1. Of ASP342, ASP309, which residue is within 26 Å of GLN421 (Cα to Cα), in contact (Cβ under 8 Å) with a residue 12 or more places away in the chain and not assigned by TED's automatic domain parsing to the domain that holds SER120?
2. For segment 33-72, how many residues meet the condition of being buried (at least 19 other Cβ atoms within 10 Å of the Cβ) and outside any helix (DSSP H, G or I)?
3. Just give me the residues in segment 348-387 being hydroxyl-bearing (Ser, Thr, Tyr) and either in contact with a helix residue (DSSP H, G or I) (Cβ under 6 Å, 6 or more places away or on another chain) or not assigned by TED's automatic domain parsing to the domain that holds GLU445 (or both), in sequence order.
4. Looking only at segment 123-153, filter to residues that are within 30 Å of GLN240 (Cα to Cα) and touching a residue at least 60 places away in the same chain (Cβ under 8 Å); which one of those is surrounded by the most Cβ atoms within 10 Å (Cβ to Cβ)?
5. Taking the stated definitions as given, is PRO458 in contact with a Leu (Cβ under 6 Å, 6 or more places away or on another chain) and of a type outside the set (A, V, I, L, M)?
6. Determine which member of the set ILE203, ILE180 is free of Cβ contacts under 8 Å to residues at least 40 places away in the same chain and in a strand (DSSP E or B).
7. I need the full set of residues from segment 295-345 which are surrounded by fewer than 16 Cβ atoms within 10 Å (Cβ to Cβ) and among the aromatic types (Phe, Trp, Tyr), in order please.
Amino acid sequence: MADSGPFDIVVLGGGSGGYACALRASELGMRVALVERDRLGGTCLNRGCIPTKALLHAAEIADQTREAATFGVKADFVGIDIDGVHAYKDKVVSGTVKGLTGLIKARGIEVVEGEGRLASPTSVEVRAADGSTRTLEGRHVLLATGSAPRTLPGLEVDGEKVIFSDQALTLGRVPSSVVILGGGVIGVEFASVWRSFGAEVTIVEALPHLLPLEEESSSKRLERAFRKRGIKYELGVRFQGVEPTDEGVSVTLENGTTVDAELLLVAVGRGPVSSGLGFEEAGIALERGFVKVDELCRTSVPSVSAVGDLIDTPQLAHVGFAEGILVAERLGGLSPAPIDYDGVPRITYSDPEVASVGITSKVAAERGYEIDEAVYDLAGNPKSKILGTQGEVRVIAERGGRVLGLHMVGARVGELITEGQLIYNWEALPSEVAQLIHPHPTQSEAVGEAHLMLAGKPLHVHG
């Protein structure tokens with residue numbers, strides 16, 4: 001097919017970072033082409049954030065049905081209709097994809113379907129399903145090819161007994177038992193879902209705690225809650241090997257422990273999709289597979305930028321959005337500020353949820369801060385009692401100064417972290433937050449109480 005262009009921006013990848021850039025660029029009057037080999041929305045919308053949260057909501061409904069009598073409601077939990085769960089999940093996903101597709105079309109963005117590769121610093125070659133090729137010329141190219149699940153050396157993922165999260169999302173049954181390799185966000189969320197659905201679950205994590213990047217007290221709270229739920233875990237121990245058995249798999253750990261299960265889910269992280277796409281041939285610098293960028297997402301080639309999971313920043317959809325918008329605004333002649341990645345909220349949607357923004361006490365110590373901390377236990381929060389949840393809000397502040405981090409555990413705390421984001425990013429002092437009046441009864445009062453404690457005037461706390 002004849003060459004097409006020149007576009008102002010050719011975006012390679014229609015996930016969170018790519019489509020956010022395309023939308024903002026079109027808003028700023030630029031002509032944009034968006035190349036995507038699969039469905040728009042990328043991993044997040046099709047195989048990540050949205051479908052997993054739908055499963056987690058179904059899991060929450062299952063638990064609420066089991067526990068209905070606690071609240072004086074008569075209900076019988078009969079079981080999980082996995083086809084029904086998938087139908088609900090797929091309806092949410094397809095509706096969201098449809099909405100996004102319509103939005104992109106309405107903005108006049110040209111969507112080009114097919115496998116794209118960087119042909120030069122200013123062009124992308126796209127191979128369609130029928131084998132035809134088309135070259136898109138752009139004043140600028142944005143690389144947004146995302147990430148894929150990683151495995152460990154020598155660990156073969158067959159998609160049947162040893163699976164990645166992609167296969168876990170479409171599994172046509174509730175497994176009787178699962179070993180989950182990796183106690184990060186993905187591993188913890190699937191452990192929560194499968195346990196609610198009735199499976200026996202064991203998490204294996206090489207580091208000393210689940211969610212090892214979170215505040216240690218949050219990890220310990222989660223571990224306690226998981227133990228209560230009957231979720232087992234092996235911490236501080238490495239995976240050694242896996243053997244197929246008639247019933248499923250036999251997983252061996254380096255400490256000699258063996259765990260038998262129907263499935264092994266490999267959730268040891270995600271790596272960038274960067275090989276074989278022409279990046280290095282075009283002069284793009286890479287490190288460990290990630291495209292190297294500066295604080296404004298510029299690569300080593302002036303006409304090429306990169307965003308999202310392809311670069312070594314937090315692998316979160318909302319980070320990809322922000323990076324995509326930043327690139328569009330930079331190319332549109334605006335002067336966007338670099339992103340403060342510490343100021344990005346992080347949420348694990350397990351039961352209980354874990355949410356944080358800012359830095360941990362460990363990082364604060366590494367950076368030389370003297371800190372003050374306040375911990376408010378949700379046991380003292382009436383709305384949390386109504387919900388039947390346990391957990392805490394922990395606030396870390398620079399001694400005599402601003403709030404450096406907020407760390408929360410409990411049902412629905414993911415919805416509370418937005419206030420934490422404002423507190424951290426606006427460099428609020430505990431005394432300033434203590435003046436704010438939080439509505440009663442809400443879980444947000446726990447945020448207010450923690451700041452009252454730090455400001456030296458605790459209200460609902462035994463001093």
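The values are calculated or read from the model by the stated rules, or taken from the named source; none is laboratory data. Since the model is a prediction, treat every value here as computed from it, not as a measurement. Positions of Cβ are backbone-derived with ideal geometry, glycine not excepted, and every protein chain shown enters the neighbour counts.
1. Sole residue among the options that is within 26 Å of GLN421 (Cα to Cα), in contact (Cβ under 8 Å) with a residue 12 or more places away in the chain and not assigned by TED's automatic domain parsing to the domain that holds SER120: ASP342.
2. 7
3. Correct list: THR348, TYR349, SER350, TYR376, SER384.
4. If we filter segment 123-153 for residues that are within 30 Å of GLN240 (Cα to Cα), which is where we start, we get 146-153.
This time we only want the ones that are touching a residue at least 60 places away in the same chain (Cβ under 8 Å), so: 146-152.
On the way: GLY146: 25, SER147: 21, ALA148: 14, PRO149: 20, ARG150: 17, THR151: 15, LEU152: 15.
Checking each candidate, the answer is GLY146.
5. Working: in contact with a Leu (Cβ under 6 Å, 6 or more places away or on another chain): yes; of a type outside the set (A, V, I, L, M): yes.
Yes.
6. Only one candidate passes the filter, namely ILE203.
7. The answer is TYR341, and nothing else.
The rows are residues; the columns are (1) surrounded by 14 or more Cβ atoms within 10 Å (Cβ to Cβ); (2) farther than 26 Å from LEU213 by Cβ; (3) without any contact (Cβ under 8 Å) to a residue 40 or more places away in the chain.
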| position | (1), (2), (3) |
| --- | --- |
| ALA365 | no, no, yes |
| ILE371 | yes, no, yes |
| ARG399 | no, no, yes |
| GLY405 | yes, no, no |
| GLN421 | yes, no, no |
